[in-house]
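The values are calculated or read from the model by the stated rules, or taken from the named source; none is laboratory data. Because the structure is predicted, anything quoted here is derived from the model rather than measured. Backbone-built Cβ (ideal geometry, glycine too); neighbour counts: all protein chains shown. Quick note on the areas: whole protein, heavy atoms, side chains included, nothing else; ligands and nucleic acids left out. Shrake-Rupley method; radii C 1.70, N 1.55, O 1.52, S 1.80 Å.
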Amino acid sequence: MIINKNIHVWGGLLLISTLFFPDIKLGDNIPAFQFLDFGLPITVFFIFLNRTKLRLHKYYLIILLFCAYIPITMAVNGRLKASNDYFEIYKLLKFLILIMFFSLLNFQQFSKTWFKPIFIVLVVINLLHFYNIFGFHDLLIQIYGGDHLESFGLNSLKNPATKRMTGLAGNPNTNAVIFGFYMIYFLPLKFNKQRFVWFAVACLMLFLCQSRTAIVAILFLFIITFIFKLSENWKRYRIIILSVTGIYLISWAITTDFFTFQSYSNNVVSNSLMGRIDTWKYLGKMIMDKPIFGYGVNKEFFYSNRLYSENEYILMTWRYGFVGLILYLLIFLIPLRHYIINRKTVEIQKSGILIIGIIMITALTNNPFQERTIMLLIALVFGLIWPFTNNNMNSNGAKD
């Protein structure tokens, strides 16, 4: 019982540290670390103590195969001495360890203890930042830094403009995905007034981030819900859709200082989008030259050319060729298949479908899996609610 309690406390601490703690920088040429990285030995220790409870699945082999394939792409491109490239292997191994760790936790116990309190604190902090109450936004710049925080509410000329809530994530797109997770968690597929209130708050916070991709993802989630019949009461579900529309209009007014400025999310054809398209074309031509093994991790290429892939499918193909793209897709498609199959057995499996949906749609114009906060949330979802890995679920996805 003591081990069971401690492992849930440690899981909560990992989630808190990832969502709230700033990155730890040890040097200019070394990637920043999180508390999670320094706590990884403890995480492995908990896995060792509970090793008899682990449900091993061939899915783990896919991740290990990806880890083994990365050095091959590095060798082909003469980059075996590029030490920074090996951190991508480390990130995948960490992802695997986190899935195994969270698979040892009980979803009901963990979610009831941690999810809602953390959400409340996130909302408070983000609102303090958005309105700079008590100079909170200025404090975040000093502690966390980053271009998005420093340019919050300003255009390229440093004049007042539409606000895009970045929060502690330091990036409005990442922040939107975080609240997207909560939006799905609180989504009342079986209508519940109290749950609907929490859902509405998460929805508003997502819209305040003014992330176009996340907003499009939410639209597709409603379509997915309809296609797979995830909601049993369509009439009440229509109320949710109408409410979300109203919440979006409210967020539009708030972020634009009551329509004083042009809404960022409504500006579909922008310089940012056109720049991304040009980059995709450029990287696409390079991919055709090395379609099998790609160019390796090679972060220096993007740094030296000041490029941002802003599409994870293109990034994975450029780095690791089409073989790497397939391995990347399997990371999401294997759990997705099981979530779809088991959606009628356990309610929470439906959330798994929607969460993978928001990640894969967001990956069209962002790199969510490269963002360490999002990677932890994905591992948490796969570990907690995937019936073929979690020791609290039987093989049919039902609670033991």
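Would you point out which residue out of Ser270, Ser251, Ser231, Ser265 is of a type in the set (Ser, Thr, Tyr), open to solvent by less than 30 Å² (accessible area, probe 1.4 Å) and at pLDDT 90 or above? Walk me through how you get there before you give the answer.
On the way: Ser270 fails: at pLDDT 90 or above; Ser231 fails: at pLDDT 90 or above; Ser265 fails: at pLDDT 90 or above.
Exactly one residue qualifies, and that residue is Ser251.
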Residues of segment 120-141 satisfying the condition of being part of a helix (DSSP H, G or I), in contact with a helix residue (DSSP H, G or I) (Cβ under 9 Å, 6 or more places away or on another chain) and on the phi > 0 side of the Ramachandran plot:
Phe134
Qualifying position, being touching a residue at least 40 places away in the same chain (Cβ under 8 Å) and among the β-branched types (Val, Ile, Thr), among Ile89, Ile133, Ile143:
Ile143
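Filtering segment 136-181 down to residues that are among the aromatic types (Phe, Trp, Tyr) and under 22 Å from the mean Cα position of the chain (by Cα), which residue is least open to solvent (accessible area, probe 1.4 Å)?
To start, the set of residues in segment 136-181 that are among the aromatic types (Phe, Trp, Tyr) comprises 136, 144, 152, 179, 181.
Keeping just the survivors that are under 22 Å from the mean Cα position of the chain (by Cα) gives 144, 152, 179, 181.
Numbers: Tyr144: 67, Phe152: 27, Phe179: 1, Phe181: 18 Å².
Among those that are among the aromatic types (Phe, Trp, Tyr) and under 22 Å from the mean Cα position of the chain (by Cα), it is Phe179.
Please find, within segment 96-109, the residue that is farthest from Thr18 (Cα to Cα) out of those that are among the hydrophobic types (A, V, I, L, M, F, W, C) and touching a Phe, Trp or Tyr at 6+ places or on another chain (Cβ under 8 Å).
Taking segment 96-109 and keeping what is among the hydrophobic types (A, V, I, L, M, F, W, C), we get 96-102, 104-105, 107.
From the residues that got through so far, the ones that are touching a Phe, Trp or Tyr at 6+ places or on another chain (Cβ under 8 Å) too are 96, 99-102, 104.
Working: Leu96: 17, Ile99: 15, Met100: 18, Phe101: 15, Phe102: 15, Leu104: 19 Å.
Residue satisfying both the conditions and the ranking: Leu104.
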Scan segment 317-354 for residues that are of a type in the set (Lys, Arg) and either touching a helix residue (DSSP H, G or I) at 6+ places or on another chain (Cβ under 6 Å) or open to solvent by less than 40 Å² (accessible area, probe 1.4 Å) (or both) and jot them down.
Arg319, Arg343, Lys350
Does any residue in segment 279-296 that is at positive phi come within less than 9 Å, Cβ to Cβ, of a residue that is surrounded by fewer than 12 Cβ atoms within 10 Å (Cβ to Cβ) and not β-branched (Val, Ile, Thr) six or more places away or on a different chain, and which pairs are these?
Gly296/Gly78
Top-ranked residue in segment 182-198 [being more than 13 Å from the chain's Cα centre (by Cα) and of a type outside the set (A, V, I, L, M, F, W, C); ranked as least open to solvent (accessible area, probe 1.4 Å)]
Pro188
Might you let me know whether segment 363-370 holds any residue that is open to solvent by 10 Å² or more (accessible area, probe 1.4 Å), polar (S, T, N, Q) and assigned to a helix (DSSP H, G or I)?
yes
Does at least one position in segment 99-109 carry a residue that is in a helix (DSSP H, G or I), more than 21 Å from the chain's Cα centre (by Cα) and under 18 Å from Tyr328 (Cβ atoms)?
no
